[in-house]
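All remarks here apply to the structure that follows.
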Amino acid sequence: NIVKISQLNRLTKDSTDDKIFEVLFDKDLIFCSSDNINEYWDRIESYFNNFVEYLNRNINSSNATEIFGTNNGLCYSMMQDISTNDIVFEAAVKHAKDGIAEIHSKFKQDRIKILIEKDLFEPTEKNVKVLLEKSYNEELILLANSYEKEVVDLLSAEALSEELLYSLINSNLSTNSCLILSEKLNDGILLEKVNPNKIDFIEIILDQSISP
């Protein structure tokens, strides 16, 4: 019979190096509990992918809150690890307290949207560049409407497509931000492409067009 370790804290720290943990996790020889996960987390400086695979196999609706609800560091790491399954990712997001400042370029689009909606996606230069490079325009607009000043300031230094600029202008951004972004349109702004509800913005553009 295979015996699982029920209390990891009973193993001396000197007897549990990375290779031993690798075997224990690969063979599911550690009982998946908050005490054991916290004990492991406190002993290591970095984790291997087999630990993520272990969590993918063992985290479920009955233990997710117990394990992730008491370990913010685990939440942060698993939230941004691209190899987690949906159950682990969602558990990490649910209990996370800190947002991600440097997203992985291979991060899934739907997960980025979830992070933005949960206010766990920081409006940093790195994150904005990833959204631009991946053409995740819907997520970029969502972020811009949550962190308007920070994102618009970053976007003002970037090369943006005409389609993205109009999408941003037609979103819920303030008139001032829309004016800043409109200056990036090389051929000037076409009012027929502007949401008619952006009354203040349209009036300013019209005033500018007739001013001597």
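The values are calculated or read from the model by the stated rules, or taken from the named source; none is laboratory data. Remember, it's a predicted structure, so these values are computed and weren't measured experimentally. Every residue, glycine among them, receives a Cβ derived from its backbone with ideal geometry; neighbour counts consider all protein chains shown. Quick note on the areas: whole protein, heavy atoms, side chains included, nothing else; ligands and nucleic acids left out. Shrake-Rupley method; radii C 1.70, N 1.55, O 1.52, S 1.80 Å.
Figures for the structure shown
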{"item": "Helical mean residue ellipticity (222 nm; -39500 (n - 2.57) per DSSP H run of 4+; nearest 500) of the chain", "result": "-15500 deg cm²/dmol"}
{"item": "GNM flexibility winner over the chain from Gly73, Gly99, Gly188 (Cα, springs under 10 Å)", "result": "Gly188"}
{"item": "Per-peptide average of other Cβ atoms within 10 Å, ordering 55-64, 39-48 highest first", "result": "55-64, 39-48"}
{"item": "The stretch 103-138 and the stretch 143-212: distance between their alpha carbon centers, rounded to Å", "result": "21"}
{"item": "3J(HN,Hα) from dihedral phi, the stretch 188-193, Karplus parametrisation 6.51/-1.76/1.60, rounded to Hz, x for glycine, proline", "result": "x, 8, 9, 5, 5, 9"}
{"item": "Principal-axis tilt of helix 86-95 within the chain, Cα atoms, nearest 10 degrees", "result": "80"}
{"item": "Trypsin sites (Lys or Arg not before Pro) restricted to DSSP loop in the stretch 108-195 with at most 12 other C-beta within 10 Å", "result": "Lys108"}
{"item": "DSSP-assigned coil residues among GluC sites (Glu not before Pro) in the stretch 133-212, each with at most 14 further Cβ atoms within 10 Å", "result": "Glu158, Glu183"}
{"item": "Cut-off under 5 Å, modelled amide H: who pairs with Ile100 long-range", "result": "Phe121, Glu122"}
{"item": "The stretch 87-210 - convex hull of the alpha-carbon atoms, volume per residue in Å³", "result": "106"}
{"item": "Average projected area [Cα convex hull, the stretch 1-144], square nanometres", "result": "9.0"}
{"item": "Accessible area of the stretch 155-212 divided out per residue, in Å², using a probe of 1.4 angstrom", "result": "62"}
{"item": "Straight-distance crosslink candidates among lysines, where the alpha carbon sits under 20 Å from Lys149 and sequence neighbours closer than 8 are dropped", "result": "Lys113, Lys118, Lys126, Lys129, Lys184, Lys198"}
